[in-house]
Amino acid sequence: MKNTVATFRKAKEEGKKLSMLTAYDYSTASLVDAAGINGILVGDSLGNVILGYEDTISVTMEDMIHHGAAVARGAKNALVVVDMPFMSYQGSVYDALNNAGRLMKEGRANAVKLEGGIEVVPQIKAIVQAGIPVMGHLGLTPQSINAFGGYKVQGKDEAAAQKLLDDAKALAEAGVFAIVLECVPSALATLVTEAVDVPTIGIGAGAGCDGQILVYQDMLGMFSDFTPKFVKRYANIGEAMKNAFQSYIEEVAEGVFPAEQHGYGISNEVIEKLY
Ligand code: KIV
């Protein structure tokens, strides 16, 4: 059955944990969807894991639309959430509404995600009012990496913890259907989860959240530029891929691949006439 924002709401009410993973293309989305995930995030982390940038700042609306539409074609049951990239919503309510609309119309998203707290409440209210579900994102918000001065755990002192709690309440009040909490101390994430009536989806925020999300390349061992502490590796697909690529290279060099069964036949008569 198709997961919707109502599924997310109900899960919180019933105390059922939600699972989300990222995906950026059709075939991965099909596999993640078939596994029974609740939601797929087409994250702007695609800047790192797909496009090889060192941060998410350069990701464009066109990137998000291109990958969002591919994922949407593969996701039959998962709720597809597409990230609003850097500067597609921060500048004005008009930009936010226009770009959220493009992610729905052209990127075939079921919902959009944007980063930030009280400062983006006007944008969230306008998007929600237009009938577009919004997921919030607090804590370590990678689009603000230059303001943070690095990838650091957020909300550790009293003022920062209070701000995070106030931001979460403001987002819930503004109408988000869920909030991602990234790199937040576990006890603070639990407190936030208890304080809001929408599900929290944690990444490096402990087991007290209503759900969890991971970048799929991290959990499959396919991206080694940087592995955060919160990642659990569920398989070593990166190694398996490298081994398969090496076997292929060796077999091509040795003439083992392609074998007879990998080719197409033609009658000898046809070939003989060509000589
Ligand atoms: O872009 C992304 O993948 C994200 C997750 C880390 C939550 O925002």
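The values are calculated or read from the model by the stated rules, or taken from the named source; none is laboratory data. Just so we're clear, the structure is a prediction, and the values are computed from it rather than from any experiment. Here Cβ is always computed from backbone atoms with ideal geometry, including for glycine, and neighbour counts include all displayed protein chains.
Could you pull out the residue among M1, M61, M87 that is at pLDDT below 95 and away from the ligand (no atom under 14 Å from the Cβ)?
M1
Taking the range 260-275, which residues are part of a loop (DSSP other than H, G, I, E, B) and either under 52 Å from the mean Cα position of the chain (by Cα) or surrounded by 10 or more Cβ atoms within 10 Å (Cβ to Cβ) (or both)?
Of all residues in the range 260-275, those part of a loop (DSSP other than H, G, I, E, B) come to 263-267, 275.
Passing the criteria: G263, Y264, G265, I266, S267.
What are the residue pairs meeting all of these: first residue in the range 140-165, first residue over 21 Å from D83 (Cβ atoms), second residue assigned to a helix (DSSP H, G or I) and modelled with pLDDT of 95 or more, Cβ atoms under 6 Å, and 6 or more apart or on different chains?
G155/A161; G155/L164; G155/L188; A161/L188; L165/V192
In the range 222-235, is there at least one residue being within 17 Å of the chain's Cα centre (by Cα), of a type outside the set (D, E, K, R), more than 16 Å from the ligand (Cβ to nearest atom) and surrounded by 17 or more Cβ atoms within 10 Å (Cβ to Cβ)?
No, the range 222-235 contains no residue that is within 17 Å of the chain's Cα centre (by Cα), of a type outside the set (D, E, K, R), more than 16 Å from the ligand (Cβ to nearest atom) and surrounded by 17 or more Cβ atoms within 10 Å (Cβ to Cβ).
Any chance you could count how many residues in the range 1-27 are farther than 28 Å from G208 by Cα and either in a helix (DSSP H, G or I) or of a type in the set (F, W, Y) (or both)?
Within the range 1-27, residues that are farther than 28 Å from G208 by Cα and either in a helix (DSSP H, G or I) or of a type in the set (F, W, Y) (or both) number 2.
Take the residues of the range 13-38 that are touching a helix residue (DSSP H, G or I) at 6+ places or on another chain (Cβ under 9 Å) and touching a residue at least 60 places away in the same chain (Cβ under 8 Å): which is nearest to the ligand (Cβ to nearest atom)?
Only one residue fits best here, namely T22.
Filter the range 178-200 down to the residues that are under 23 Å from A126 (Cβ atoms), of a type in the set (A, V, I, L, M, F, W, C) and within 15 Å of the ligand (Cβ to nearest atom) and list them by number.
A178, I179, V180
Just checking, does the range 244-254 include any residue being part of a loop (DSSP other than H, G, I, E, B), out of contact with any His (no Cβ under 9 Å at 6 or more places or on another chain) and either within 16 Å of the ligand (Cβ to nearest atom) or farther than 30 Å from F8 by Cβ (or both)?
Checked against the condition, which is being part of a loop (DSSP other than H, G, I, E, B), out of contact with any His (no Cβ under 9 Å at 6 or more places or on another chain) and either within 16 Å of the ligand (Cβ to nearest atom) or farther than 30 Å from F8 by Cβ (or both), the range 244-254 yields no hits at all.
In the range 124-163, what count of residues is obtained for those that are of a type outside the set (S, T, N, Q) and not in a helix (DSSP H, G or I)? Steps first, please.
The first filter runs over the range 124-163 and keeps only residues of a type outside the set (S, T, N, Q), leaving 124-128, 130-140, 142, 145, 147-153, 155-161, 163.
Now restrict to residues that are not in a helix (DSSP H, G or I): 130-140, 149-153, 155-157.
Of the residues in the range 124-163, 19 are of a type outside the set (S, T, N, Q) and not in a helix (DSSP H, G or I).
Residues that are within 14 Å of the ligand (Cβ to nearest atom), out of contact with any strand residue (DSSP E or B) (no Cβ under 8 Å at 6 or more places or on another chain), under 24 Å from H137 (Cα atoms) and in contact (Cβ under 8 Å) with a residue 40 or more places away in the chain: does the range 209-216 have at least one?
No: the range 209-216 contains no residue that is within 14 Å of the ligand (Cβ to nearest atom), out of contact with any strand residue (DSSP E or B) (no Cβ under 8 Å at 6 or more places or on another chain), under 24 Å from H137 (Cα atoms) and in contact (Cβ under 8 Å) with a residue 40 or more places away in the chain.
May I ask you to verify whether F148 is touching a helix residue (DSSP H, G or I) at 6+ places or on another chain (Cβ under 8 Å) and farther than 15 Å from A205 by Cβ?
Working: touching a helix residue (DSSP H, G or I) at 6+ places or on another chain (Cβ under 8 Å): no; farther than 15 Å from A205 by Cβ: yes.
No; evaluated as a whole, the condition is false for this residue.
Checking the conditions here, which among V32, V121 is in a helix (DSSP H, G or I) and crowded, with 19+ Cβ neighbours inside 10 Å? Outline the logic, then answer.
Values: V121 fails: crowded, with 19+ Cβ neighbours inside 10 Å.
It is V32.
Listed residues A6, A70; which is among the aliphatic types (A, V, I, L, M), out of contact with any Leu (no Cβ under 6 Å at 6 or more places or on another chain), free of Cβ contacts under 8 Å to residues at least 40 places away in the same chain and more than 15 Å from the ligand (Cβ to nearest atom)?
A6
Run down Q129, Q162, Q154 and say which single residue is within 16 Å of the ligand (Cβ to nearest atom) and either over 18 Å from G202 (Cβ atoms) or more than 19 Å from the chain's Cα centre (by Cα) (or both).
Being within 16 Å of the ligand (Cβ to nearest atom) and either over 18 Å from G202 (Cβ atoms) or more than 19 Å from the chain's Cα centre (by Cα) (or both) holds for just one of Q129, Q162, Q154, which is Q154.
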